[in-house]
Amino acid sequence: MSGKNNKAFITFRGKIHNQGSSFATYIPIKVRKLAKLGTHEISEVIVEASKRKIWYVGTSHDGRLIIPCHVVKSGNLRPGTKAEFQVRKVKNNAFTNLQTRTNMIDLAELLREVKKTFQNRILKLGIEKDELLVITTRSLGRRTAHILLNRFVNKEDLGKALGFILSEGSKGKGFAVKFSNKEIILCKEFVDSLSKILAEKIDIKVTCIYNPKRMSENILEKLVNHFEKITGIIPSKRIDEKRPGNHLFEVGINNAALNDSLLTLLDQVVRRQADKKLEEQVVLSGLKGDGSLSIFQKEKRTKLNIAETNPIFQQFYTRYCESHSLHVIEINSRNGLCASCPFEGLIHLYKMKAFEGTVQYPRLIAAIALSLTQRRTKYIRVLMQLKEEAIKGFRSEDIMKIYEIRERSKGVTRLMEILQSGLIKRKRIFNHAPIARSVYKVTKKTQELLIILNKWKIEYEKLKEKLYSKDVIETIEKVKITFPGKNSGSSSVGNYLCLD
């Protein structure tokens, strides 16, 4: 990327020297005055080296301009050599020109209170060309870290990244971004969502932490190769004999500015100061990392477990669950929170595609099947048997065929029971038509439910076929064996081969 409007840049020639683990060049006093560069300033920099121009956002420390390692490699720069630099201060005007775009989040708007809340950590906020958001934070000691973000980010991508940090990420400010999980697909989703937020390429390091007592070298190699095949990143290996499980993938990005920015955005969402769609996406990704389902066959009920022990985040999950037919029954600081999942709650989880791509998703499919065997859902089962063309209009004869009864009086009785449940409404052909001659149709809410259940039924039949099961009970038993829970210590390779 090359800088435009070069008239605003101040050009100087500087000598490159070592600056600890990185490189730097001294900025002449005249240039500092013209560009108005003070201590810990961020600026646009164009380096001309090896017959090419390299653009980046740099930080100045007491008259020294820091040169990132990737710029040194790209320009083939060496200590003692000279290069031509062009600098321009990034204006601190991030919150003066807020904009609105469809299905996009303006990070500048979300971070507008960041200077007040984290003024001892966030040093600078700036916008360049209305598309890039530059954030500089104070790291350890006197060091600073900066990050270049896309100012406008899709709600889904931002919500995914924040949700994964909420569930399995590091939440300490001033440190590197870290996400730990044993599921390869979740690591890939986290990396993909971050790449949509970042406006610059950052090295992502992945470490496979494993217990040699629980995992053989042969399985480890297959796991590492599988990770590389899916994500394109080669993980390093580290032994931890004290690990309770067999393995864990740790995704790390060594940038404190990115970490602080994401945690600030997460704080905005948790305190309910953000978009509702963004909040739902955060919960969706959070459940993939921390959530699990427990199915109780005899009681015909399902329980949602969320392994979140932080009281603030527990309140966030509780608030969301209670507003979506998921009733929280237990909260403690050791195991997290538990919520009962009635039929409506399970449908909401399926509608938002909770657990999709994880070993918990087949459990959700089976849990809905078990919930449909309950007495309170019997009328929904009846309506599911109606033909597609009969949804918009049916008579008592259609209900009689489903119940396999011949007496019209019994058919009308069943029809009245369904009518009283509120799932259907009466549509007369003409005024004062008798009940038997009336036409009935499902309500708009019921019609949406039947569309969702038709999609679910296709997935359920595929699951039954894959597991060679005949009924609901057999399906649930095989799901528990084939797709074990979070703490079972099973291999991700085996689980995802089953899902493919």
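Values computed for the structure shown
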item	result
Close pairs from the stretch 308-323: first within 14 Å of L266 (Cβ to Cβ), partner part of a helix (DSSP H, G or I) and of a type in the set (A, V, I, L, M), Cβ under 6 Å, at least 6 apart	F316/V270
Any chance K242 is farther than 30 Å from Y56 by Cα and either crowded, with 16+ Cβ neighbours inside 10 Å or of a type outside the set (S, T, Y) (or both)	yes
Residue in the stretch 305-323 that is buried (at least 17 other Cβ atoms within 10 Å of the Cβ) and touching a His at 6+ places or on another chain (Cβ under 9 Å) present	yes
Number of positions in the stretch 43-91 that are hydrophobic (A, V, I, L, M, F, W, C) and assigned to a loop (DSSP other than H, G, I, E, B)	2
Pair list, Cβ under 7 Å, 6 or more apart: the stretch 160-181 residue under 10 Å from S193 (Cβ atoms) and touching a residue at least 12 places away in the same chain (Cβ under 8 Å), other residue of a type in the set (G, A, S) and assigned to a helix (DSSP H, G or I)	K160/S193; K160/S285; A161/S193; G163/S285; G163/G286; F164/S285; F164/G289
Subset tally (residues that are in contact with a Ser or Thr (Cβ under 6 Å, 6 or more places away or on another chain) and closer than 15 Å to N332 by Cβ) for the stretch 282-312	4
Condition met for T446 (β-branched (V, I, T), in a helix (DSSP H, G or I) and either farther than 24 Å from I347 by Cα or at pLDDT below 85 (or both))	no
Residues that are more than 18 Å from D260 (Cα to Cα) and either free of Cβ contacts under 8 Å to residues at least 24 places away in the same chain or not assigned by TED's automatic domain parsing to the domain that holds R151 (or both), drawn from the stretch 193-224	S216, E217, N218, E221, V224
Residues that are modelled with pLDDT under 90 and under 26 Å from Y361 (Cα atoms), drawn from the stretch 168-180	E168, G169, S170, K178
Residue among A339, A366 that is within 30 Å of the chain's Cα centre (by Cα), modelled with pLDDT of 90 or more and assigned by TED's automatic domain parsing to the domain that holds L423	A366
Filtered residues of the stretch 369-416 (kept if under 39 Å from the mean Cα position of the chain (by Cα) and among the β-branched types (V, I, T))	T373, T377, I380, V382, I391
Members of the stretch 189-202 that are under 14 Å from E250 (Cα atoms) and surrounded by fewer than 18 Cβ atoms within 10 Å (Cβ to Cβ)	none
Matching residues in the stretch 153-173 - criterion: being polar (S, T, N, Q) and either in a helix (DSSP H, G or I) or crowded, with 19+ Cβ neighbours inside 10 Å (or both)	S167
Extreme residue, nearest to D290 (Cα to Cα), among residues of the stretch 174-190 that are in a helix (DSSP H, G or I) and among the hydrophobic types (A, V, I, L, M, F, W, C)	L186
Failed item in (1) modelled with pLDDT under 80; (2) under 22 Å from L194 (Cβ atoms); (3) polar (S, T, N, Q); (4) surrounded by fewer than 21 Cβ atoms within 10 Å (Cβ to Cβ), with N150 passing the rest	(1)
Residue match in the stretch 252-271 (condition: closer than 18 Å to I365 by Cα and of a type outside the set (D, E))	no
Boolean, V251 is in a strand (DSSP E or B), under 21 Å from L186 (Cβ atoms), among the β-branched types (V, I, T) and within 22 Å of the chain's Cα centre (by Cα)	yes
Output for the stretch 213-239, where each listed residue is over 16 Å from E183 (Cα atoms) and assigned to a helix (DSSP H, G or I)	E217, N218
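One line per residue, one yes/no per condition, for (1) modelled with pLDDT under 85; (2) basic (K, R):
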{"position": "R238", "(1), (2)": "no, yes"}
{"position": "H247", "(1), (2)": "no, no"}
{"position": "Q268", "(1), (2)": "yes, no"}
{"position": "R271", "(1), (2)": "yes, yes"}
{"position": "A274", "(1), (2)": "yes, no"}
{"position": "L278", "(1), (2)": "no, no"}
{"position": "I295", "(1), (2)": "no, no"}
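Here is a yes/no grid of residues against (1) touching a Cys at 6+ places or on another chain (Cβ under 7 Å); (2) over 22 Å from S469 (Cβ atoms); (3) small (G, A, S):
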site: Q385; (1), (2), (3): no, no, no
site: G393; (1), (2), (3): no, yes, yes
site: S396; (1), (2), (3): no, yes, yes
site: I402; (1), (2), (3): no, yes, no
site: R406; (1), (2), (3): no, yes, no
site: K410; (1), (2), (3): no, yes, no
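The values are calculated or read from the model by the stated rules, or taken from the named source; none is laboratory data. All of these numbers come straight from a predicted model, not from anything done at the bench. Cβ: placed from backbone, ideal geometry, glycine included. Neighbour counts: every protein chain shown.
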